[in-house]
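Down below is the structure, laid out as structure tokens.
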Amino acid sequence: MKASETKRLGEELLREPVKRINNIPKLLASVGATADEGSCRCALQFLKLFFLASFEHRSICAQEPTGTALSPENQLHAWLKQKYYSFCHALEGLLQAPNNNLQVSVLNAIMELVRGQQVGVFDTGLFSKALIILLQSQTVDAETLQLLLSKYMPYADVRFYTLRGIHKMSEDSLRPSAVLTREQLGRRLFQVLAAVSPTLSAGTASEDMQSWCGAIEAGVVKAAPAPGEGSQQRRKRKREQALTAELSPLLGAVQWANPAAYKRAFSEAWLGLLTLPLPADLLKKVLVQLHSTVMPHMPNPLLLSDFLTRCLDEGGLVGMLALNGIFTLVTKHGLEYPNFYSRLYVLLQAPVFRAKYRAQFLQLADIFLSSGMVPAYTAAAFIKKFARLALTAPPAGAIIAIAFIHNLVRRHPSCSVLLNKPLSFTPPTSGAAGAGAASTASQNAAIPPAANMAAAATQTSLPQALTNGHSKGHVQGDDTSSGASSSQADGDSSSRSLAADEAAANDARVQTQEANMSGVGSDGVTGSVGQDVFDEHEADPAKCRAIESSLWELESLRNHYYHAVSYIHA
């Protein structure tokens with residue numbers, strides 16, 4: 001059928017609806033013929049206007065007529081209702097048509113029919129079917145979906161039933177479907193949820209809300225009771241209903257006008273989205289909005305604890321973003337997370353100083369580590385981790401790391417031992433001899449190698465020289481020649497003894513230095529000279545042995561190539 005013929009039939013139907021009622025099947029046929037876009041669009045507009053006028057004049061019954069014998073008028077109403085359902089079904093098919101302009105016209109027509117049956121009545125069945133098509137059909141254009149978000153989402157009733165539809169779709173997504181994958185469905189659901197306001201209205205009064213069905217504007221709607229209201233609230237509500245019943249006899253209660261019901265629908269929709277397998281990029285977007293936009297408006301934010309814990313265990317940038325939500329749950333909702341500092345310690349890696357959200361992460365890390373209840377070994381582990389990362393971090397990251405080290409040492413004075421740690425190794429011994437040997441070893445370790453050898457030679461040769469000198473003087477008094485011979489023999493013996501003692505001392509010194517460099521003493525005790533005992537690859541702060549180490553990294557940062565780093569270090 002041509003567009004001109006369709007226009008003639010539509011004008012006749014609107015001008016004489018009862019006489020030209022048989023034009024409806026012809027116009028429905030034109031709506032189904034998508035090949036002729038002009039004729040289809042024209043028939044769509046005329047049928048929409050006709051059915052809206054029929055609802056206004058009560059030509060279509062809201063309820064099925066009772067009784068076996070139907071009057072001609074009731075039969076006409078039943079026939080019109082059947083044609084109306086056929087028209088709605090045709091609109092649902094057109095909403096999936098590949099024509100973008102036609103999709104926009106169809107969506108506007110559907111939304112007009114949603115509120116057209118009666119003032120204050122929202123057709124949830126028709127809207128739910130349209131919402132499922134918009135979010136699950138692959139042929140729906142992005143412009144059509146954007147029209148729903150920009151034009152209709154400001155209305156409270158549309159938002160409420162959208163949230164309910166999203167929750168139902170997330171549950172139904174567990175069933176196998178060929179329409180969209182669960183990842184694609186998650187993207188569309190997040191696009192809609194990001195545009196939905198978390199509150200029922202901008203203010204607390206009902207005048208601040210807008211309804212698409214016109215219930216608030218006409219004053220024929222009131223909030224339904226909250227699901228968990230107490231007896232006192234119920235008595236107060238009944239008293240208010242009794243006072244307003246005479247003034248507004250048509251006043252009806254709806255769920256979408258109840259702030260508690262809206263908050264519950266908002267929470268269920270987001271929880272349903274989090275059950276879907278979200279791609280990595282979408283997961284990061286969700287975590288960015290979760291702690292600031294979603295959690296403050298949820299009745300029970302602790303329901304997010306499992307999801308946030310899994311994200312925190314994943315590590316990397318995802319774990320950094322999940323830290324915001326964990327922080328909110330721990331500080332405001334009493335979440336107990338025993339391994340929290342271990343997870344935070346694992347997240348502290350070199351990419352942190354280059355990440356997009358490094359400011360948020362470092363700010364939260366500073367808040368967590370500012371508590372005086374943090375154990376000394378945990379604080380020392382973070383100090384060493386920051387010091388080690390500062391060596392390879394960019395200059396801006398090194399400055400931040402130095403600031404963290406400064407704050408942590410001031411907040412935890414027990415960690416100041418890291419700044420002045422003796423580097424000498426003293427193996428444990430027993431008894432007085434052991435104490436003397438330990439003192440000698442300590443002195444030798446502090447003396448340069450050449451001086452250490454001379455001192456060892458002096459200590460071993462001095463008693464023998466005194467003994468040889470005493471014998472020499474005694475013999476010289478008796479016989480000069482024999483004294484000279486004895487002096488020469490004693491000199492040779494003393495030279496051989498001195499050489500042997502020097503070799504023994506040198507061997508002992510080399511063994512001591514090797515033991516110190518390996519970090520293990522003669523009795524198997526680990527030392528700290530020549531090796532940092534801090535294990536930067538250990539994930540547990542209690543096992544990384546940071547408190548036994550020292551901040552030698554600060555001495556390296558003193559000579560940093562970037563002047564600002566060395567300046568702030570000083």
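The values are calculated or read from the model by the stated rules, or taken from the named source; none is laboratory data. What you see is a predicted model, and the numbers here were worked out from it, not measured in a lab. Backbone-built Cβ (ideal geometry, glycine too); neighbour counts: all protein chains shown. Surface accessibility is based on the protein's heavy atoms, side chains included, excluding ligands, DNA and RNA. Shrake-Rupley method; radii C 1.70, N 1.55, O 1.52, S 1.80 Å.
Can you tally the net charge around Ile24? Count Lys and Arg as +1, Asp and Glu as -1, for every other residue whose Cβ sits under 13 Å from the Cβ of Ile24. Spell out each step's value before the answer.
Numbers: positive: Lys19, Arg20, Lys26, Lys48, Lys81, Lys83; negative: Glu12, Glu16.
Residues near Ile24 contribute +4 overall.
Please compute the net charge surrounding Leu369, taking Lys and Arg as +1 and Asp and Glu as -1 over other residues with Cβ under 12 Å from its Cβ. Display every interim value, and only then the final one.
Values: positive: Lys385, Arg410, Arg411; negative: Asp366.
Its environment carries a net charge of +2.
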Can you run phi through the Karplus equation (6.51, -1.76, 1.60; θ = phi - 60°) for region 148-155 and list ³J(HN,Hα) in whole Hz, with x for Gly and Pro? 4, 6, 7, 8, 10, 5, x, 8
Per-residue HN-Hα couplings for region 376-391 [Karplus 6.51, -1.76, 1.60; θ = phi - 60°; Hz; x = Gly/Pro]: 5, 5, 6, 4, 5, 4, 5, 4, 5, 5, 5, 5, 5, 5, 5, 5
Give the lysines reachable from Lys7 as a straight Cα distance under 27 Å; neighbours fewer than 8 places away on the same chain don't count. Lys19, Lys26, Lys48, Lys81, Lys83
In nm, to one decimal, how far is the modelled label at Gln232 from the one at Asn300, with both set 7 Å along Cα→Cβ? 2.3 nm
Setting aside same-chain residues fewer than 8 positions from Lys129, which lysines have a Cα under 17 Å from its Cα? Lys168
Quote the accessible area belonging to Lys19 in square angstrom, nearest 10, computed with a 1.4 Å probe and with ligands, DNA and RNA left uncounted. 150 Å²
Using a Cα-Cα cut-off of under 28 Å, which lysines could be cross-linked to Lys356, ignoring same-chain neighbours fewer than 8 residues away? Lys284, Lys285, Lys332, Lys384, Lys385
Probe 1.4 Å - accessible area at His77, Å² to nearest ten: 20 Å²
